[in-house]
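Chemist: Take this structure, written in structure tokens, and hold onto it; I'll ask about it next.
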Amino acid sequence: MQGVGFRPFVYAQAKRFGIHGTVINHGSEVEIDAAGENFDEFSLEIAKGPKMSVIDSVSVEPLPDWNPPTGFSILPSQDGARSGFVPADIATCEHCLHDIMDPKSRYYGYWATSCTDCGPRYSIIKSVPYDRERTSMDDFPGCHDCLKEYENPGNRRHHAQTIACTECGPKLSLLKGSGEIVLETETFSAAAELLDAGKILAIRGIGGFHICCTEESAEKLKTVLGRPNQSLAVMMKPETLGEFVTEPTKEEWDLLKGPVHPIMILDKIDPESHISLSQLHNLGIMLPYTGLHHLLFAKLRSPLLIMTSANSPGTPMITETKTIIEKMGRVVDFILTHDREIVNRCDDSIVRDGYLIRMSRGYAPVRTRMDLGNRQILGVGPERNANTTVYTGGFLITSPHIGNIRNPPTVAYLEETIKKLTGLTGSVPEIIAHDLHPQFLSTRVAQQLAERYGAVLCPVQHHRAHIASVTIEEVVGIAIDGVGYGDDATIWGGEILAGSPGDGYIRTGHLEQALMPGGDLATKFPERMLYGILPNEETVSLLRSRGWDETALRILGQQTEKRFNTPVTTSTGRVLDAASALLGICRERTYDGEPSMMLEAYAARGVAQPMEIAIESRNGQDVLLTSSILQEGMEMLSEGICIADIAASIQTTLAKGIADIALNGVQTTGIQKTALSGGVAINRSIRETIIETLKNAGVECITNPRYPFGDGCISCGQVITAGILAKEGRI
Ligand SMILES: [Zn+2]
Ligand SMILES: [Zn+2]
């Protein structure tokens, strides 16, 4: 209940119903001692809770030897149960925005204005219970006026732990990239002017630094960041949105403007417009979500700002001013920063079609009630797009997005987050779940922690974790993604897995095994992957026509034939990569997912034509022949059919084929329900085609309502699997 103004809410209700007593925080739980004639009405109101609260349960017990005090008061917090909610950060509410823009308000122009309904939470918390002295707001003792509001039960900021004003609160300053102070007042006018003049600024927000500039400076920004093709998220006011993208649905507007304010991926009105922002058919947009953003936009002439996380690829977002000067001082022209410590890093969350792509600011830490028994469990996550999950006392708690656990800074960030999450929940892991891959750095973290805590290790196969995160029921799971270590030590990624987390999942089907000539090189250069799937003369002449020389072609051929550094994979992502390469859409991957995202952008403009779906039974498993799909694509290409149509045809056929092998799984196992997970399901056409095909066959397909399709669900799936095995006494 913390950070949502629960105690002030109780106080207000007590006053309203003439209740005598006290309210107190015990760790993350609230205890109310109450007496009065209107007790029942009072307790009914309490059970509803304030706007942002999530109430797990309410229990009422008599207090036999208690003398109610006169009046009602809020007592100082005590340490206690830590099962409760570590609240996520909340975007500036409408009332606070009004205060910020109102010249008569004492919050006029103050960037860090907040109240019990809004403001930073997780990003400033050091420990629970959530009180100012355990947050980074402790450095800013409230002034007389702030304290008066804090103590006034009739005020909106009664017991708002983040209350602050120009007098007493955190302050902004504008620096040069070198760190030299330029301005400490009127920073917004100056920053807006610099941005409008084409300068690149680093801006310190709630959960970390953004790198910002206008659309005109996009190419310059991409060059200095070394991300030539990647889409850039933009921030704009709601009234401007209609000039760029198609109208969001009502639900999408509610989400865009609500407590979370995520980045939302929306379709461009003209797919070929604003190419410097996004080469795809869509654009990631968020609305201003802190006082700082609102005040900046009030001065800005440009309709939008590019806002991309400040980090080098694969490393955590920068949170500290000294680090931004050190690491990015030469990249940015100026730095707009503040002096409030960011205790916990938090990237922007990303949503598309109502599904989470990145679960971070505003969503995480996310807490889900689930009975997995009495033992405390930790899931360290996979390698890419990782987060971590803790299970304790009947709840799963998942951290915000951490990143790719492939380098020392991200490993350190994973360890730091595990420490934070176990600390905030007061848990000591007895079981540590991790990926089956023996070489993952996250697996090593799990091994080290198991030694430290004397915990039991529990390896969980990647795609089984995907399905377990969706449901613990028996299902025919469809896991479609890039890579995951399989039972047979090959790379999986297009799997039909029937069963439940407890009984294990049987692999009833998968995509055809394909060769990856050069291993990771085939991921970076998808034409290699194309040759891996179609190692024939036609592919060779296509590559030759694209400038491959004879030596390179000969080496590719020999490498593939001799299987030298050529692993096999059933990955769906690699098939899409190969299709993208076949159609000449993407020949070199410069960021994660580029070939398949570009393929989707082309396919969105095309019309799918029917293709043959070839399924073979091999070793008792249904195998979808992806080589047949690509071969047909190759023929369509030589017939001169337009690339967009071929892209659409390949995507649709692949999706139908996946649904077909899932239906075979339904038939052979008798399990009537399917579950879809994996990063490829973010692709709208593929996802909808799979769900539609299953529905037409009378089979329901469920997805995870609270976790991303991608690997942001893995740590949760690991913990669920370990928990169920533990409950059954198997670990
Ligand atoms: Zn507010
Ligand atoms: Zn103040």
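Chemist: Restricting to region 475-532, name every residue that is in contact with a Lys or Arg (Cβ under 8 Å, 6 or more places away or on another chain), among the hydroxyl-bearing types (Ser, Thr, Tyr) and either modelled with pLDDT under 95 or buried (at least 23 other Cβ atoms within 10 Å of the Cβ) (or both).
Modeler: 505
Chemist: Let me ask another. With the requirement that a residue be over 24 Å from residue 493 (Cα atoms), among the β-branched types (Val, Ile, Thr) and surrounded by 18 or more Cβ atoms within 10 Å (Cβ to Cβ), what does region 366-397 give you?
Modeler: 366, 377, 390, 392, 397
Chemist: If the Cβ limit is 8 Å and pairs must be 6+ apart or interchain, which residue in region 95-109 that is without any contact (Cβ under 8 Å) to a residue 12 or more places away in the chain and over 18 Å from residue 296 (Cβ atoms) pairs with which residue that is more than 9 Å from ligand 1 (Cβ to nearest atom) and among the aliphatic types (A, V, I, L, M)?
Modeler: Within 8 Å, no pair qualifies.
Chemist: Can I ask one more? May I ask you to list pairs of residues, at least six apart or on different chains, whose Cβ atoms are under 8 Å apart, with the first in region 410-424 being under 14 Å from residue 207 (Cβ atoms) and the second being surrounded by fewer than 21 Cβ atoms within 10 Å (Cβ to Cβ)?
Modeler: none
Chemist: Could you look through region 513-541, keep only residues that are of a type in the set (Gly, Ala, Ser) and not in a loop (DSSP other than H, G, I, E, B), and pick out the one that is farthest from residue 492 (Cα to Cα)?
Modeler: So the residue we want is 541.
Chemist: Now for a different question. When region 99-128 is examined, which residues are found to be within 13 Å of ligand 2 (Cβ to nearest atom), among the hydroxyl-bearing types (Ser, Thr, Tyr) and under 29 Å from residue 399 (Cα atoms)?
Modeler: If the condition is that a residue be within 13 Å of ligand 2 (Cβ to nearest atom), among the hydroxyl-bearing types (Ser, Thr, Tyr) and under 29 Å from residue 399 (Cα atoms), then 113, 114 are the ones that fit.
Chemist: Under 6 Å between Cβ atoms, at least 6 apart or on separate chains: pull out the pairs that start in region 714-731 with a residue that is closer than 11 Å to residue 435 by Cβ and end on any residue that is hydroxyl-bearing (Ser, Thr, Tyr).
Modeler: These pairs meet every condition: 715/388; 715/389; 717/469.
Chemist: Follow-up question, since we're still on this one. Could you say which residue among 680, 719, 666 is in contact with a Leu (Cβ under 9 Å, 6 or more places away or on another chain), assigned to a helix (DSSP H, G or I) and under 26 Å from residue 266 (Cα atoms)?
Modeler: The match here is 680.
Chemist: Let me ask you something else. Provide a single number: the residues in region 355-414 that are assigned to a loop (DSSP other than H, G, I, E, B) and of a type in the set (Phe, Trp, Tyr).
Modeler: 1
Chemist: Here is a follow-up. Does residue 93 count as more than 12 Å from ligand 1 (Cβ to nearest atom) and over 20 Å from residue 319 (Cα atoms)?
Modeler: When the stated conditions are applied, residue 93 does not pass them.
Chemist: So which of 190, 164 ends up being within 16 Å of ligand 1 (Cβ to nearest atom) and at pLDDT 95 or above?
Modeler: Exactly one residue qualifies, and that residue is 164.
Chemist: Is there a residue in region 51-63 that is away from ligand 2 (no atom under 14 Å from the Cβ), under 27 Å from residue 184 (Cα atoms) and either surrounded by fewer than 17 Cβ atoms within 10 Å (Cβ to Cβ) or not polar (S, T, N, Q) (or both)?
Modeler: no
Chemist: Got a sec? Which of 145, 131 is more than 24 Å from residue 335 (Cβ to Cβ), acidic (Asp, Glu) and within 16 Å of ligand 2 (Cβ to nearest atom)?
Modeler: So the residue among 145, 131 that is more than 24 Å from residue 335 (Cβ to Cβ), acidic (Asp, Glu) and within 16 Å of ligand 2 (Cβ to nearest atom) is 145.
Chemist: Search region 108-158 for residues being more than 16 Å from ligand 1 (Cβ to nearest atom) and of a type in the set (A, V, I, L, M), and hand back the single one that is surrounded by the fewest Cβ atoms within 10 Å (Cβ to Cβ).
Modeler: 147
Chemist: While we're here: Does residue 199 satisfy being among the charged types (D, E, K, R) and either more than 25 Å from residue 299 (Cβ to Cβ) or away from ligand 2 (no atom under 13 Å from the Cβ) (or both)?
Modeler: So residue 199 passes the test.
The rows are residues; the columns are (1) among the aromatic types (Phe, Trp, Tyr); (2) modelled with pLDDT of 95 or more; (3) touching a strand residue (DSSP E or B) at 6+ places or on another chain (Cβ under 9 Å).
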site	(1), (2), (3)
104	no, yes, no
107	yes, yes, no
118	no, no, yes
126	no, no, yes
133	no, no, no
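Chemist: Taking interchain pairs and intrachain pairs at least six residues apart, which have beta carbon atoms under 9 angstrom, with the first residue in region 124-147 and under 17 Å from residue 206 (Cα atoms) and the second acidic (Asp, Glu) and within 16 Å of ligand 1 (Cβ to nearest atom)?
Modeler: Sorted first by the residue in region 124-147, then by its partner, the pairs are 124/89.
Chemist: One residue is enough: does region 37-48 have a residue meeting the conditions touching a residue at least 24 places away in the same chain (Cβ under 8 Å) and part of a loop (DSSP other than H, G, I, E, B)?
Modeler: So far as region 37-48 goes, no, none of its residues is touching a residue at least 24 places away in the same chain (Cβ under 8 Å) and part of a loop (DSSP other than H, G, I, E, B).
Chemist: Answer yes or no as to whether residue 75 is over 16 Å from residue 4 (Cβ atoms), surrounded by fewer than 14 Cβ atoms within 10 Å (Cβ to Cβ) and in contact with a strand residue (DSSP E or B) (Cβ under 6 Å, 6 or more places away or on another chain).
Modeler: Considered against the rule, which asks whether it is over 16 Å from residue 4 (Cβ atoms), surrounded by fewer than 14 Cβ atoms within 10 Å (Cβ to Cβ) and in contact with a strand residue (DSSP E or B) (Cβ under 6 Å, 6 or more places away or on another chain), residue 75 comes out as yes.
Chemist: Which of the following residues is polar (S, T, N, Q), within 16 Å of ligand 2 (Cβ to nearest atom) and either farther than 24 Å from residue 347 by Cβ or in contact (Cβ under 8 Å) with a residue 40 or more places away in the chain (or both): 162, 214?
Modeler: Just one listed residue meets the conditions, 162.
Chemist: Can you tell me which residue in region 343-354 is farthest from the chain's Cα centre (by Cα), limited to those that are assigned to a loop (DSSP other than H, G, I, E, B) and buried (at least 22 other Cβ atoms within 10 Å of the Cβ)?
Modeler: 344
Chemist: Name the residue that is farthest from ligand 2 (Cβ to nearest atom), counting only residues in region 74-95 that are at pLDDT 90 or above and either part of a strand (DSSP E or B) or in contact with an Asp or Glu (Cβ under 8 Å, 6 or more places away or on another chain) (or both).
Modeler: Filtering first and then ranking leaves 90.
Chemist: When residue 51 is evaluated against the numbered criteria (1) among the charged types (D, E, K, R); (2) modelled with pLDDT of 85 or more; (3) within 16 Å of ligand 1 (Cβ to nearest atom), which criterion, by number, is the only one it fails?
Modeler: Failed condition: (2).
The values are calculated or read from the model by the stated rules, or taken from the named source; none is laboratory data. Just so you know, these numbers come straight off a predicted model, no measurement behind them. Neighbour counts run over all protein chains shown; Cβ positions are idealised from the backbone, glycine included.
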